[in-house]
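Worksheet for the structure shown next.
The values are calculated or read from the model by the stated rules, or taken from the named source; none is laboratory data. This is a predicted model, so every value here is computed, not measured. In this analysis, Cβ positions are derived from the backbone assuming ideal geometry, glycine residues included, and neighbour counts consider all displayed protein chains. We work out accessible area using only protein heavy atoms, side chains counted, and drop any ligands, DNA or RNA first. Shrake-Rupley method; radii C 1.70, N 1.55, O 1.52, S 1.80 Å.
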Amino acid sequence: MKQEGFGKMNACQDVHDVLMKKFQEKFGRAPDVVAYAPGRVEILGNHTDYNEGYVLSAAINFGTYFAVARREGPASRLVAGDVMEEVAFEADNPQPSKDRMWSNYVKGVLSGLNAIQKPAHGFDAMFLGNIPLGSGLSSSAALEVSSGFAFARLYGLSVGNLEMAKIGQRAEHDFAGVKCGLLDQFSSINGKKDCLVWSDFRTYDVKTEKLGEDVCFLMCNTNARHALVDGAYNERRQRCEQGAAFFASVLDHPVSALRDVSWAEWLDYKDEMDEITAKRCAHPIGEDERVLSGIDMLRNGNLKGFGRLMFESHDSSRNYFENSCPELDTIVDAAQATPGVLGARLSGGGFGGSVVVLVDKEQVASVETTLRNAYAHRHGSRCDTRVITCSDGARIVKG
Ligand code: ADP
Ligand code: MG
């Protein structure tokens, strides 16, 4: 299932057309329903979701198409279109698979929809996408959301956006064994062309904010993944919880999560805390404030200021949360010295993975070359790059 670099089929229309052809060849008919869902990139608000804070993200111009046709009886077939692997099962009884991991994202979604209403019939389905798998652009959420939209339409279910996002999240937790938050599904569902998605992980409120058409993002995937990631992730979560409990005991307003603590309060109390806990807490607290400042800057067209916040976010990762690594730092440091770059930071969990760079659209080609060369020079291997534009969210394209 490994994809070379950032994949060959860049245009989503090509993916759609190839899927229609393969579907026809495999099943001998056209699909009744086709849905599309994009991947996502995290722009500001790192590790804030489980602290009930804010995130700015975007749906991207790469995604997954999911095509499905009705079939009599419960027997169903599901095909991963790029590798042409197939699984067969009954639509009313999807069970997790041990050797076809990719099928679990779809089966998990189906299981969530089955809890709303038992399916009256089976299906033949196939999907195809152009998001590089496992590179931090959330191909898993694109698969969940595209299949969720397609099945809901096929079975005549009306499912709200929050409910659909939660069905995708549950599929990750229970069928794929990944304890993710809701950001990926929120962004894939709520994306809007040329806009960032602003999610509030306390209220689950989602808004979109215009980014401007003169800039785009460059994603640089280092392909680095450092050991002990799970342990480090759990340590960060625990420190955040300890910090929230500390602030709840000293502040005279209610604190149920770090979302309730301001940067000024952190400054006032940091020296009374255990040093490591204070450092860890600085990151989500600072990130929440950067998201709010970032929104003001977007509304005022201050993209330079917005870019500076991205650099500050990365510094905070590097110094306080310690979820960066030399590979990510190489790209961010090089970006800081490259004309045409407005900002850069790690995107996603950290400890490896990708950097997202905010770039003046007209200079994106030269920025791409400079960053790739800087990475190769320092690490002796390539980083994959891809130009990302903020795009519309999931939709039904047929049926
Ligand atoms: P990410 O979501 O960042 O891409 P994950 O590890 O969460 O990384 O999800 C990647 C997994 O999702 C793949 O290993 C595969 O099982 C599944 N997947 C997603 N999209 C596809 C696709 N188009 N074809 C096959 N498998 C897919
Ligand atoms: Mg994922």
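Annotations
- 5 angstrom amide H check on ASP92, placed H, neighbours 5+ away: none
- Viscosity 0.692 mPa s, 37 °C: Kirkwood-radius Stokes-Einstein D of region 1-146 over Cα pairs, µm²/s: 203
- Against the main long axis of the alpha-carbon atoms of the chain, helix 12-27 sits at an angle near 30°.
- The chain, relative contact order [Cα under 8 Å, separation at least 6], %: 23
- Once the 1.4 Å probe is applied to the protein heavy atoms, region 215-388 comes out at 44 Å² accessible per residue.
- Only aspartates and glutamates eight or more places from LYS26 in sequence, or on another chain, were considered; those with a Cα closer than 12 Å are GLU85, GLU86, ASP124.
- Loop-located GluC sites (Glu not before Pro) in region 202-244 (DSSP state other than H, G, I, E, B) with a sparse environment of at most 12 neighbouring Cβ atoms within 10 Å: GLU213.
- Global dimensions of the chain from alpha-carbon coordinates: Rg and Dmax equal 21.4, 69 Å.
- Candidate aspartates and glutamates - alpha carbon under 16 Å from LYS118, same-chain residues fewer than 8 apart omitted: GLU72, GLU90, ASP92
- With every protein chain in place, the chain: carbon and sulfur % of accessible area (1.4 Å): 47
- Cα centroid separation - region 217-283 against region 25-41, whole Å: 41
- Peptides 54-63, 179-188, 69-78 ranked from most to least packed give 54-63, 179-188, 69-78, packing being the mean of other C-beta atoms within 10 angstrom over each peptide's residues.
- By the Stokes-Einstein formula, at 0.890 mPa s and 25 °C, region 267-310 with its Kirkwood radius over alpha-carbon pairs has D equal to 210 µm²/s.
- Per-bin percent of Cα-Cα distances, region 215-388 [10 Å]: 10, 34, 31, 19, 5, 0
- The chain, helix-only ellipticity at 222 nm - DSSP H runs n ≥ 4, -39,500 (n - 2.57), divided by all residues, nearest 500: -13000 deg cm²/dmol
- Spatially proximal lysines relative to LYS270 (Cα-Cα < 18 Å; intrachain offsets below 8 disregarded): LYS279
- FRET efficiency estimate (nearest 0.05) - Cβ-Cβ, ILE396 to GLU25, R0 25 angstrom: 0.60
- Helix 101-114 vs. the chain, principal-axis angle (Cα, 0 to 90°, nearest 10): 80
- Principal-axis analysis of the Cα atoms of the chain puts helix 303-316 at an angle of about 80° to the longest axis.
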